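Contents: one structure, followed by commentary.
The values are calculated or read from the model by the stated rules, or taken from the named source; none is laboratory data. Just so it is clear, the model here is predicted, and its values are computed rather than measured. Note: ideal-geometry Cβ built from the backbone for every residue, glycine included; neighbour counts use all protein chains shown.
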Amino acid sequence: MKKTIATTIGLCALTAFNASAAQYHSEQCDINLNGDLRFAEKTLTVKTTADEEVKITDSYMVYLDGKKLSLSAEETKWIQDYYQGIEQSIPQVMTVAAEGVKIANYAVSEVLRGFLGEQSKVASQLEIKLDDLYSKLTKHVYQNPESLTFDSAKLQTELGLGPDFDAEVDLIVSDVMEKAMGEFLVQMGRSMLNGEGSMESFEQRMSKMGDDIESKVESQTDGIEKEAKVLCEMLTTIDASESNVQKIKGLSKVDIVSKSKNA
């Protein structure tokens, strides 16, 4: 049971994990996003591995630590592909996040509430956390009606969506399970005192609930798997564009995205 709830919460966290300099794993590919990336007011800003600041405008002009670079027509096309790839991937990040929240909330309503009752405080608290996470991410990305916003540093400091997010998810799961088992034991005690159940019947109920969780959650995962695959393909394209950007004089240290195929 704990493992399955962890899976659903993990799905919710999947894209945010990616977007804030963590790592996305799927059967199709591994994607690493490293360093700071900011897209705001139609300007893309990245930090190189040498801690240099690279700014790319929506007219594809490039500034390295404030100094404008002179680009050939071919180099400008590489910059355009890179800029547009990142810009177009941001809405897909939101799509995957939305699918994750939908699955997690489905699990809460169908599983936790089914197991602990409609008035479960644990289920309500988890739903609030999930909705709050998605709401904050949405407000961050769409804060400017004329341009998308994405700031990996702010996502980490303000939303807690950083490299240690997997550990934070584990803490949330542990907290949820501890509180859920507390509610369950109270319910079990009351039922047994009223002669309405036995330890054996509760064990059977838990076993059946575990099977139900697996089947119900698995039936909801098609959407996120498809959208995550699309995101993976988009990031793969960005990685290829970044390889071209690295050929430009002064930009060899630009290395935000890296991808490697699983064996």
Boolean, Lys139 is out of contact with any Pro (no Cβ under 6 Å at 6 or more places or on another chain) and modelled with pLDDT under 85: no
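Please verify whether Asp222 is at pLDDT 65 or above and under 22 Å from Ile90 (Cβ atoms), treating the condition exactly as stated.
So Asp222 does not fit the description; no.
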Cβ pairs under 8 Å, 6+ apart or interchain, first in segment 208-234 and of a type in the set (Ser, Thr, Tyr), second part of a helix (DSSP H, G or I) and modelled with pLDDT of 70 or more, ordered by first then second residue, are Thr221/Ile103
Pick from Gly117, Gly85, Gly100, Gly66: which is touching a Cys at 6+ places or on another chain (Cβ under 8 Å) and either closer than 26 Å to Ser258 by Cβ or of a type in the set (Gly, Ala, Ser) (or both)? Gly100
Filtering segment 56-98 down to residues that are loosely packed, with under 14 Cβ neighbours inside 10 Å and assigned to a strand (DSSP E or B) yields Lys67, Lys68
Reported set for segment 74-98 where residues are over 17 Å from Leu33 (Cβ atoms) and acidic (Asp, Glu) is Glu74, Glu75, Asp81
With respect to the numbered conditions (1) under 23 Å from Val141 (Cβ atoms); (2) in a loop (DSSP other than H, G, I, E, B); (3) at pLDDT below 95; (4) among the charged types (D, E, K, R), which one is the sole condition not fulfilled by Arg38? (2)
Cβ pairs under 7 Å, 6+ apart or interchain, first in segment 48-76 and free of Cβ contacts under 8 Å to residues at least 12 places away in the same chain, second basic (Lys, Arg) and loosely packed, with under 14 Cβ neighbours inside 10 Å, ordered by first then second residue, are Met61/Lys68
Using the structure shown, decide if Lys179 is in a helix (DSSP H, G or I), crowded, with 16+ Cβ neighbours inside 10 Å and at pLDDT 80 or above. no
